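Engineer: Below you'll find the structure I mean.
The values are calculated or read from the model by the stated rules, or taken from the named source; none is laboratory data. Remember, it's a predicted structure, so these values are computed and weren't measured experimentally. Methodologically, a virtual Cβ is constructed for each residue, glycine included, from the backbone with ideal geometry; neighbour enumeration extends over all protein chains shown. Protein only, heavy atoms only, side chains kept; ligands, DNA and RNA dropped before computing areas. Shrake-Rupley method; radii C 1.70, N 1.55, O 1.52, S 1.80 Å.
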Amino acid sequence: MLQNIENLENPSNSNDSNRVLKYHVETYGCQMNVYDSEIVSSMLEKSGYVKTEDIFSADAIFLNTCSVREKAEETVHNRLINFKGLKRRKPHLLLGVLGCMAQNLKDSILESKPYVDVILGPDSYRRLPEIIKSRERLEDHFVDTKLSKFEVYENMFPSRKEGVNAWISIMRGCDKFCTFCIVPFTRGRERSRSIQSILDEARNAVEQGFLEITLLGQNVNSFNSPEGKFPELLDQLARVEGVKRIRYTSPHPQDINDDLLQVMSSHDNICNYIHLPLQSGSDRILSRMNRTYTKKEFLELAEKIRFYMPDCSISTDIIVGFPGESDSDFQDTLDVMSIVKFNSSYKFKYSSRPGTKAAEFSDHIEEDIKQKRLDEVIELQKKITLDINSTYSNRVVKVLIEKNSKKSDSQWSGRTDGNTWVVFDKQNESIKDFVDVKISGTKGVTLFGEIV
Ligand code: SAH
Ligand code: SF4
Ligand code: F3S
């Protein structure tokens with residue numbers, strides 16, 4: 001929950017040097033940012049800072065930001081405007097903008113919000129201890145948005161919240177340059193960690209009690225290290241003792257090959273789940289997006305995945321209203337959705353990102369058409385998800401218990417290895433137990449049932 005800053009009456013403004021200094025981090029955007037925030041936390045804690053969720057008692061506040069769509073940037077701009085008053089009343093507060101917006105919009109942030117003290121791009125977090133140390137002397141802004149060809153935060157163990165799943169970032173950056181996407185500009189070139197350091201981090205996570213590992217990267221399956229590529233990494237990780245489930249996100253369809261599917265199907269602890277971003281079903285639009293596959297190739301890939309793993313869940317990302325998208329192009333997207341029958345999908349209206357190639361196209365689509373198409377894909381996906389989830393009725397699925405259900409403390413919530421959430425009444429289990437659940441019904445994207 002974000003706190004409302006404008007109601008602030010008496011913020012603590014103590015400069016007592018014996019006081020424990022506190023930091024607060026807010027994370028926007030994708031899981032890579034969540035992971036990066038854990039790295040940032042770990043660095044701040046090594047510098048003697050203690051985490052707080054209370055912005056009013058924080059001595060340093062960092063926003064880890066996202067630029068992927070206009071709305072994501074707006075949210076952070078508004079949050080920063082909120083912080084202006086806090087900063088006025090508490091001048092020693094250190095206010096920092098991290099992540100993709102820092103990279104993308106440093107000049108405009110400094111111009112419109114001169115009270116921001118620190119701007120660090122995603123490859124510059126190692127500078128935090130030095131900034132913290134010199135904070136009393138920090139008279140001017142501190143800006144570092146150099147992108148690195150090498151920074152992978154090797155051996156920087158993140159400060160993880162307790163839980164079931166540990167995120168491990170294995171590569172950073174993107175070289176694909178889809179024409180709609182800002183990520184290659186905010187995150188820079190692809191680079192991978194060593195397999196060894198990833199295995200070490202996984203072992204460390206298991207020791208801390210995590211059962212599930214989710215590998216992260218902007219283009220996770222183009223992982224490439226001297227010791228091997230993505231399939232080799234998965235194969236070795238699956239053999240690490242205590243790793244009960246492995247997931248990864250986000251892959252690019254172009255880099256899903258037989259080797260990878262072979263490894264996935266040969267280890268029980270690699271989940272039967274692939275996120276396979278479609279974006280569009282139209283060859284013309286896919287080519288303008290620079291997505292490197294055709295509708296036919298995508299459909300064949302989905303078939304191949306199900307050949308290797310018949311039970312595999314597939315989710316996707318869809319963009320509607322890309323420049324030049326005609327009714328018939330859009331129909332192709334609906335077509336692929338109906339044929340592949342994705343278990344779930346993330347659906348977006350195209351958002352023009354200055355600096356990308358597509359932003360320069362002359363045939364942008366009107367907002368009301370985008371909205372209409374978005375509504376249509378949402379409706380179709382709802383129907384497909386319901387159809388798929390209804391087939392689970394009376395089937396028994398294995399669920400890893402992850403947390404209390406949102407609606408009731410007397411119910412658990414956990415996921416199948418296909419990434420579907422299941423809610424059921426508690427008996428005598430604990431979080432992190434695997435249980436067999438017989439499915440009785442479905443609502444939205446969730447299955448309901450009872451332990452057998
Ligand atoms: N590397 C990941 C994507 C990261 S961005 C991949 O290739 O799958 C996550 C999703 O945001 C993308 O898959 C895309 O569907 C969406 N997205 C990216 N740029 C966008 C834009 N300009 N407008 C709307 N959606 C966008
Ligand atoms: Fe963006 Fe495409 Fe790279 Fe994904 S693969 S991060 S959509 S440029
Ligand atoms: Fe956003 Fe950057 Fe992730 S733009 S989606 S936070 S890589």
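Engineer: What is the helix-to-structure angle for 327-340, meaning the angle in degrees between its Cα long axis and the longest Cα principal axis of the chain, kept from 0 to 90 and rounded to the nearest 10?
Structural biologist: 70
Engineer: Along the charge dipole of the stretch 149-271, pointing to its positive end and built from +1/-1 on Cβ of Lys, Arg, Asp and Glu, which listed residue (TYR153, THR249, PRO184) has its Cα farthest out?
Structural biologist: It is PRO184, whose Cα lies furthest towards the positive end.
Engineer: While we're here: For the chain, give the percent of accessible area contributed by carbon and sulfur heavy atoms, probe 1.4 Å, rounded to a whole number. Before the final figure, lay out the partial values.
Structural biologist: Numbers: 10040 of 20650 Å².
Solvent-exposed carbon and sulfur of the chain make up 49 percent of the total.
Engineer: For the chain, calculate the relative contact order in percent as a whole number, restricting contacts to Cα pairs under 8 Å that are 6 or more residues apart. Each step should come with its number before you reach the end.
Structural biologist: Numbers: 853 pairs, mean separation 43.6, N = 452.
Worked out over the chain, it gives 10 percent.
Engineer: Let me ask you something else. Between the helical axis of 367-390 and the dominant principal axis of the chain, each derived from Cα atoms, what acute angle in degrees is found, rounded to the nearest 10?
Structural biologist: Between helix and principal axis, roughly 60 degrees.
Engineer: Tell me what the chain gives for mean residue ellipticity at 222 nm when only DSSP H runs of n ≥ 4 count, each as -39,500 (n - 2.57), the sum divided by the residue total, rounded to 500 deg cm²/dmol.
Structural biologist: On the way: 12 runs with 150 residues, N = 452.
Helix-only estimate at 222 nm: -10500 deg cm²/dmol.
Engineer: While we're looking at this one, here's another question. Hey, what angle do you get for helix 70-89 against the long axis of the chain, alpha-carbon based, 0 to 90 degrees rounded to 10?
Structural biologist: So the helix axis and the longest Cα principal axis differ by about 20 degrees.
Engineer: Indicate the gyration tensor shape class of the stretch 396-451 (rounded, prolate or oblate), computed on the Cα atoms with a ≥ b ≥ c the square roots of the eigenvalues: a/c under 1.5 is rounded; otherwise a/b larger than b/c is prolate and the rest oblate.
Structural biologist: Details: a/c = 1.37, a/b = 1.15, b/c = 1.20.
Since a/c stays below 1.5, the shape of the stretch 396-451 is classed as rounded.
Engineer: Over the chain, with the other protein chains present, what is the accessible area per residue in square angstrom, probe 1.4 angstrom?
Structural biologist: Working: 20650 Å² over 452 residues.
The answer is 46 Å² per residue.
Engineer: Let me have the relative contact order for the stretch 396-451, percent, based on Cα pairs under 8 Å that are six or more residues apart.
Structural biologist: Reported relative contact order: 35 percent.
Engineer: So in the chain, which Cys have no other cysteine's beta-carbon sitting under 4.7 angstrom from theirs?
Structural biologist: CYS30, CYS66, CYS100, CYS174, CYS271, CYS312
Engineer: Continuing with the same structure: Under a cut-off of 18 Å between alpha-carbon atoms, report the lysines in cross-link reach of LYS403, not counting same-chain residues fewer than 8 places apart.
Structural biologist: Within reach: LYS161, LYS244, LYS426, LYS432.
Engineer: What are the aspartates and glutamates whose alpha-carbon lies under 17 Å from the alpha-carbon of LYS295, with same-chain residues fewer than 8 places away excluded?
Structural biologist: Partners found: ASP255, ASP283, GLU303, ASP317, GLU325, ASP327, ASP329, ASP332, ASP335.
Engineer: Follow-up question, since we're still on this one. What's the magnitude of the charge dipole for the chain around its Cα centre, counting Lys and Arg as +1 and Asp and Glu as -1 at the beta-carbon? Answer in Debye, nearest 20.
Structural biologist: Numbers: 62 positive and 67 negative charges, 112 e Å.
The dipole magnitude comes to about 540 debye.
Engineer: Got a sec to turn the phi values of the stretch 149-163 into Karplus ³J(HN,Hα) couplings, 6.51 cos²θ - 1.76 cosθ + 1.60 with θ = phi - 60°, whole Hz, x for Gly and Pro?
Structural biologist: Those phi angles translate into 7, 10, 4, 10, 6, 4, 6, 9, 5, x, 8, 8, 6, 4, x Hz.
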